[in-house]
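Structure first, commentary second.
The values are calculated or read from the model by the stated rules, or taken from the named source; none is laboratory data. The shown structure was predicted, so the numbers you read here are calculated from the model rather than taken from an experiment. No Cβ is skipped: glycine too gets one built from the backbone with ideal geometry, and neighbour counts run over all protein chains shown. Just the protein is used for accessible areas: all its heavy atoms, side chains included, with ligands, DNA and RNA removed. Shrake-Rupley method; radii C 1.70, N 1.55, O 1.52, S 1.80 Å.
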Amino acid sequence: MEVLLMFPGSVDRNIDPHLKNIVTEIETENPQLSVFAARQFRYSLRKNTLELTVKEPRPFNVMEEFIIRAGLEFEPPPTGDELASILGLDPVFVHSTISTLQSLQTLALKSPITVTPEGQLFYEKGTVPLPAYTVEIYAVTDFLEGKLTCKNEDLNNDVSMKLPDLANLVKIEHINIDISILPLERIQQIIQNSGLTFHVPEAGKIVTAFKVIQPTQIIWKNISLLVIFDGIADKFKIQIRSGKRISEAASTRVTSLLNEGRISLAALCDLSDATINSARAKIMSNS
């Protein structure tokens with residue numbers, strides 16, 4: 001039998017007018033839940049602008065294939081003149097192609113013919129790299145969600161500074177990450193995890209280098225915080241939303257801090273302990 005536990009109508013609660021629909025939705029779909037507070041906050045993120053160097057593939061031509069294969073399969077690898085003699089070709093033509101492959105970093109700048117690890121990676125896919133190009137992206141550190149993500153568009157930073165700062169209530173340790181010293185492989189993985197398409201090795205598209213090109217900036221994000229009481233379990237939990245998206249990581253983290261007594265329930269709700277206890281008692285008496 002479903003138990004209906006309504007928030008006592010005689011008790012005030014702190015509901016932001018912009019969040020009334022979300023509160024109604026939660027309490028309608030989950031009759032055992034009562035929202036004590038639904039508030040908007042701002043909290044700070046850290047943003048770095050990164051410049052990526054990206055290479056994409058093109059199919060190699062016949063001459064390029066001969067030269068790369070010679071560098072990989074001949075023992076010892078031949079010089080340009082030796083390969084021209086083997087193939088019966090004009091050395092000028094062979095050296096011109098070698099120079100092109102060296103400019104694309106497919107071959108090392110030395111003799112005999114030496115294929116670079118990057119050149120071998122492209123060769124295995126039947127390609128050589130096009131000339132590299134650069135692109136700017138934004139690396140955003142979110143301490144509340146505990147993650148670093150990359151975005152290809154700058155964040156909208158028009159958050160109202162009149163909103164209360166969540167950091168005044170919830171103390172989250174800010175461990176500044178020096179992105180400039182992260183390994184390239186870590187940046188490549190973060191780019192992929194963020195859903196960006198600048199590093200797609202299976203398609204031959206590779207981020208080969210990166211650098212931080214601007215000092216770290218503090219930017220602000222608008223979030224919604226809901227204090228929800230489960231009348232069946234007799235427990236409070238916190239739900240953090242960014243727009244309509246629920247941040248499970250942030251919600252779990254703040255709920256844990258509440259359960260550990262490291263943040264104040266009354267402060268989160270902006271209600272007195274007496275009001276919270278009264279509402280809680282009335283809800284439990286109906287369970």
Fill in the blank from the handout: Ranked by GNM mean-square fluctuation in the chain (Cα springs under 10 Å), the top entry among I263, I181, I238 is I181
Problem - 19 Å reach of a label modelled at L163, 7 Å along Cα-to-Cβ, counting backbone N of segment 223-266 - result: 223-228, 238-255
Practice task
Express the accessible area of the chain per residue in Å², computed with a 1.4 Å probe while the remaining protein chains stay in the model.
Solution key: 54 Å²
Fill in the blank from the handout: For S272 and T100, extending 7 Å from Cα along the Cα-Cβ vector and measuring point to point gives, in nm, a value of 8.3 nm
Problem - Cα-projected label distance for A209 with E185, points at 7 Å along beta-carbon direction, nm - result: 2.1 nm
Problem - Matching label, Cα extents along the principal axes in Å computed from the structure shown, candidates (1) 51, 46, 39; (2) 97, 45, 30; (3) 44, 43, 37 - result: (2)
Practice task
Would you mind telling me the share, in percent, of accessible area of segment 59-201 contributed by carbon and sulfur at probe 1.4 angstrom?
Solution key: 54 percent
Practice task
Give the ranking of M284, M161, M63 by solvent-accessible surface, highest area first, calculated with a 1.4 Å probe.
Solution key: M161, M284, M63
Exercise for the section: Would you mind checking segment 192-233 for residues with the amide N under 14 Å from a putative spin-label position 7 Å along Cα→C-beta of E153? Expected result: 196
Fill in the blank from the handout: So the angle from the long Cα axis of helix 91-103 to the longest Cα principal axis of the chain, reported in degrees to the nearest 10, equals 20 degrees
Handout entry: Residue range of the chain that is longest and free of trypsin sites (Lys or Arg not before Pro) which are both DSSP loop and sparsely packed (at most 12 other C-beta within 10 Å)
Key = 1-109
Practice task
Starting from the Cα of K211, draw a straight line to each of the aspartates and glutamates and keep only those under 18 Å, dropping any in the same chain fewer than 8 residues away.
Solution key: E51, E136, E153, D154, D178, E185
Problem - 222 nm mean residue ellipticity, helices alone, for the chain (DSSP H n ≥ 4; -39,500 (n - 2.57); rounded to 500) - result: -9000 deg cm²/dmol
Fill in the blank from the handout: For the pair S85 and E173, the simple spin-label estimate (label points 7 Å beyond Cα toward Cβ) gives in nm 6.7 nm
Fill in the blank from the handout: FRET efficiency (K125, Q217; Cβ distance; R0 41 Å; to 0.05) is 0.60
Handout entry: Long-range amide H partners of L107 with built H, under 5 Å
Key = Q102, T116
Completion exercise
Expected unfolding gain across V92-K244 under the 0.36 nm per residue rule, minus the alpha-carbon gap, is 48.3 nm
